[in-house]
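Undergrad: Pasting in a structure now, in structure tokens, and then I'll have a few things to ask.
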Amino acid sequence: MSDANSSNGTQINEAHSAIYATQTSTFMQFPAYHPQSASDAGVVVTGIPFDLACSGRSGTRLGPNAIRQASANLVWEGIRWPWEFALDDHLKVADAGDLAFRYGEPQTLVDNLETHAGRLLEAGKRMLSLGGDHFVSLPLLRAYARRHGPLALIHFDAHTDTYSGGTKYDHGTIFHHAVQEGLVDRDHSIQIGIRTTYDRQNHPFEVLDAAWVNDHGPAAVLERIRRRVGDCKSYVSFDIDGLDPTYAPGTGTPVSGGLTIDCALKVIRGLVGLELVGMDLVEVNPAYDHADITALAGATLALEFLYVLAANKRRTSLIKSAGR
Ligand SMILES: [Mn+2]
């Protein structure tokens with residue numbers, strides 16, 4: 001028989017295949033993105049398998065594929081609850097796979113990522129980047145700032161990552177450098193979920209610490225984000241350790257007392273209407289994960305962000321058609 005699927009009598013009926021038996025090579029089974037061919041994708045997913053800048057437990061280089069694999073759980077829902085439309089009715093997404101670099105030479109990651117992101121952004125595309133440790137946000141923000149100017153940062157994390165010491169490739173100093181290099185608009189940036197030490201007398205960003213978030217809830221968080229960001233172009237950087245280790249054990253530097261996944265999803269979902277140019281989701285470390293809890297949280301947050309972009313496009317087209 002010539003048909004490989006049916007040669008052994010086990011032809012797969014797609015309608016009856018188990019969730020985990022589906023193809024998991026790309027995030028959400030989106031089509032693959034090839035830089036050499038034309039693509040109508042408005043958003044490109046990129047995995048950044050880099051963990052040479054982490055101070056704690058390594059392993060986030062395996063994060064992108066863990067997130068992709070966990071996203072297989074989410075594919076079946078054509079119209080994701082609680083949204084009222086299908087994502088691909090409003091947004092085309094493609095997955096560029098994992099960025100290549102010379103693994104012992106971190107500067108090649110910096111160069112390749114700035115080039116890759118720069119090309120996508122120049123082509124008018126948005127990006128969803130899957131880390132990798134948090135260092136990857138710095139080359140990304142350089143590419144974004146070149147295209148958009150300084151961005152309002154909406155940053156979820158247990159740590160401020162604004163430490164001024166550290167090494168050249170360091171996942172705890174990136175937002176110090178981002179301020180120094182003028183990549184972010186400090187007056188319109190906000191950090192959410194912080195619960196480790198920082199210099200409160202001399203800090204560039206507004207902080208909603210984890211205890212405040214847990215006491216006040218997602219609606220109050222969104223009000224503060226909207227007040228801070230206003231109509232600035234904004235960038236979401238989500239370190240999965242912003243979540244409590246209950247919801248995200250698989251990460252390099254977990255800190256007790258964090259956000260619930262429910263709160264984080266409500267806040268991301270509530271960003272509709274903001275001028276969002278991109279997102280990174282970093283620090284998922286499958287080596288310390290259990291039952292894919294962390295990878296699934298990462299995949300779900302990333303997918304919600306795509307729905308927010310789709311909802312923004314949908315709003316724009318509804319407004320246009322209403323005005324006709
Ligand atoms: Mn962190």
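Taken together, the values in this text are just the output of simple stated rules run on the coordinates, not laboratory data. Note that the structure is a prediction, hence the values are computed from the model and not measured. Glycine gets a Cβ as well: all are built from the backbone with ideal geometry, and neighbour counts include every protein chain shown.
Undergrad: By counting other Cβ atoms within 10 Å of each Cβ, how are CYS232, CYS54 ranked from fewest to most?
TA: So the residues, fewest neighbours to most, are CYS232, CYS54.
Undergrad: Among ALA297, ALA152, ALA38, whose mean-square fluctuation peaks in a Gaussian network model of the chain (Cα, cutoff 10 Å)?
TA: ALA38
Undergrad: Per-residue HN-Hα couplings for the range 281-287, Karplus 6.51 cos²θ - 1.76 cosθ + 1.60 at θ = phi - 60°, whole Hz, x for Gly and Pro?
TA: 10, 10, 6, 6, 10, x, 5
Undergrad: Then there is this: Which parts of the range 228-254 would a label at TYR103 reach, counting a residue when its backbone N lies under 13 Å from a point 7 Å out along Cα-to-Cβ?
TA: Output list for this probe position: empty.
Undergrad: Going by C-beta contacts inside 10 Å, put ASP157, ASP244 in order with the fewest on the left.
TA: With the sparsest Cβ surroundings first, the list reads ASP244, ASP157.
Undergrad: What per residue convex hull volume, in Å³, do the alpha-carbon atoms of the range 40-318 yield?
TA: 118 Å³
Undergrad: Which whole-number percent gives the relative contact order of the chain, counting Cα pairs below 8 Å spaced six or more residues apart?
TA: 19 percent
Undergrad: Among GLY278, GLY104, GLY230, which one moves the most in a GNM of the chain with springs linking Cα atoms closer than 10 Å?
TA: In the Gaussian network model the winner is GLY104.
Undergrad: If you take the beta carbon distance between ALA219 and GLN29 as r and set R0 to 30 Å, what does 1/(1 + (r/R0)^6) give as a FRET efficiency, to the nearest 0.05? Walk me through the numbers on the way to the answer.
TA: Values: r = 33 Å, r/R0 = 1.11.
Step by step, r from the Cβ atoms, then E = 0.35.
Undergrad: Please list, in chain and number order, the residues 5+ apart from ASP98 or on another chain whose amide H is under 5 Å from its amide H, with Hs placed from the backbone.
TA: It is GLY47, by chain and number.
Undergrad: Tell me, what HN-Hα J-couplings in whole Hz come from the Karplus equation 6.51 cos²θ - 1.76 cosθ + 1.60 at θ = phi - 60° for each residue of the range 129-146, using x for Gly and Pro?
TA: The phi angles translate into 10, 10, x, x, 7, 5, 3, 4, 5, 5, x, 4, 5, 4, 5, 5, 5, 4 Hz.
Undergrad: Still on this structure: For the chain, modelled as a Gaussian network with Cα springs under 10 Å, which listed residue fluctuates most, ASP241, ASP187, ASP95?
TA: Looking only at ASP241, ASP187, ASP95, the biggest GNM fluctuation is shown by ASP187.
Undergrad: Check which residues have an amide H placed less than 5 Å from ALA32's amide H, if you skip close sequence neighbours.
TA: Those lying under 5 Å, H to H, from ALA32 are ASP95.
Undergrad: Which one of GLY230, GLY270, ASN214 is farthest out on the positive end of the charge dipole of the chain, using unit charges on Cβ (Lys, Arg +1; Asp, Glu -1) and the Cα centre as origin?
TA: Farthest towards the positive end: GLY230.
Undergrad: On to the next question. Ranked by Cβ crowding within 10 angstrom, fewest neighbours first, how are LYS233, LYS92, LYS168 ordered?
TA: LYS168, LYS92, LYS233
Undergrad: So what's the range 111-237 giving for Rg/Rh, alpha carbon basis, Kirkwood Rh from the mean inverse pair distance?
TA: Rg divided by Rh gives 0.96.
Undergrad: Looking at GLY118, VAL45, ILE67, which one has the Cα that reaches farthest to the positive end of the dipole of the range 44-182 (charges on Cβ: Lys, Arg +1; Asp, Glu -1)?
TA: After comparing all options, I get GLY118.
Undergrad: Magnitude of the Cβ-charge dipole of the chain, K/R +1 and D/E -1, about the Cα centre, nearest 20 debye?
TA: 920 debye
Undergrad: Also: Does anyone have the angle between helix 106-122 and the longest principal axis of the chain? Alpha-carbon axes, 0 to 90°, nearest 10?
TA: Roughly 70 degrees, rounded to the nearest 10.
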